[in-house]
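So the structure is just underneath, and the comments pick up after that.
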Amino acid sequence: MGKKSIIEVEAAVLGQNDRLAQSNREFFAQWGLLVLNLVSSPGSGKTTLLVETLGRLGQSRPCAVIEGDQETPNDAERIRAAGAPAFQINTGRGCHLDAAMVRRAAQNLPLERGGILFIENVGNLICPADFDLGEQAKVTLLSVTEGDDKPLKYPHMIAASRLMLINKIDLLPYVRFDPRLCAANARKINPRLEVLELSAYTGEGMDAWLEWLGRHPGFA
Ligand code: MG
Ligand code: ZN
């Protein structure tokens, strides 16, 4: 395949995905859901963040979770153990979720009006930036072990995100990572990006994250 036709195929795939994502958005709006697409590199703590978030939200707001991983049902099992319904998508060789996968998963979950649907994307800071899932916002999770220059290296994801969570701040004494420099790097790419620092493990900063969720009621 020549270079031009590869670009044409990519454009067609993304165009098809965008149409399905728009249809998802209308579906989610009917339920008044807050839908967040959680993205990060592998091992940043997405699932731990969700487990701790679900525990703190308790019965106050109904939640459901779509879990994306290449293999294993492990993360959906962790979410169910935390008390929320979860649907696991295994993408095999695929490196991102797309709008069709999310629609199928959402239709297999017990959604509740006014609730939150968390979508944990496959651990990958690259192509999930290009695939709209019909979410309200992308939330990028970055942990302090990854380096404070990562926003500059993965600018497309930062540009597409509304919020960046800097996780594992309990490890700051042991790593060379400056959270303020990290936030400044991210805002060079996306000046409107909101940034919160937390440790899902110790609970530090979780209140501000829950408060952020509370300020976002969902699709009207
Ligand atoms: Mg996970
Ligand atoms: Zn991909």
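Quick notes on this structure:
- Residues whose amide H falls under 5 Å from that of Ser143, counting only those 5 or more places apart or on a different chain, are Asn167, with hydrogens built in the peptide plane.
- 11 Å beta-carbon shell around Gln88, net charge (K/R +1, D/E -1): -4
- Here the Kirkwood formula puts the hydrodynamic radius of region 91-138 at 11.8 Å, using every distinct Cα pair.
- Take every DSSP beta bridge whose two residues both sit in region 3-214; close to 0 percent of them are antiparallel.
- Computed from phi, the 3J(HN,Hα) profile of region 91-96 under the Karplus parametrisation 6.51, -1.76, 1.60 (θ = phi - 60°) reads 8, x, 7, x, 10, 7 Hz, with x in place of Gly and Pro.
- Protein accessible area in region 43-166, 1.4 Å probe - carbon and sulfur %: 47
- Per-pair calculated FRET efficiency, R0 = 45 Å: Lys4 and Glu204 via Cβ, rounded to 0.05: 0.30
- Hz values of 3J(HN,Hα) by residue in region 151-157 - Karplus curve (6.51, -1.76, 1.60), Gly and Pro given as x: x, 6, 7, 10, x, 5, 5
- Taking max minus min of the alpha-carbon positions on each principal axis, region 72-174 gives extents of 41, 31, 29 Å, largest first.
- Per residue value of the accessible surface for the chain (all protein chains in place, 1.4 Å probe), Å²: 48
- Straight Cα distances below 30 angstrom link Lys168 to the lysines Lys46, Lys138, Lys150, Lys153, Lys188, with same-chain residues fewer than 8 positions distant left out.
- Counting all C-alpha pairs of region 129-182, share separated by more than 12 Å (%): 65
- Less than 5 angstrom separates the built amide H of Asp178 from those of Asp148, all sequence-distant by 5 or more or on a different chain.
- Rounded to whole Hz, the Karplus (6.51, -1.76, 1.60) HN-Hα couplings of region 14-28, x for glycine and proline: 5, x, 4, 4, 4, 5, 5, 5, 5, 5, 4, 4, 5, 4, 5
- Using C-alpha pairs below 8 Å separated by at least 6 residues, the relative contact order for region 3-214 is 24 percent.
- Normalised by 2.2 N^0.38 Å, where N is the number of residues, the alpha-carbon radius of gyration of the chain equals 0.99.
- Put simply, region 11-124 fits an ellipsoid with semi-axes of 22, 19, 11 Å; these come from the alpha carbon gyration tensor as the roots of five times its eigenvalues, largest first.
The values are calculated or read from the model by the stated rules, or taken from the named source; none is laboratory data. Quick caveat, the model's predicted, so the values are computed rather than measured. Here the Cβ is made from the backbone with ideal geometry for all residues, glycine too, and neighbour counts use every protein chain on show. Each accessible area value is taken on the protein alone, full model and side chains, heavy atoms only, with ligands, DNA and RNA left out. Shrake-Rupley method; radii C 1.70, N 1.55, O 1.52, S 1.80 Å.
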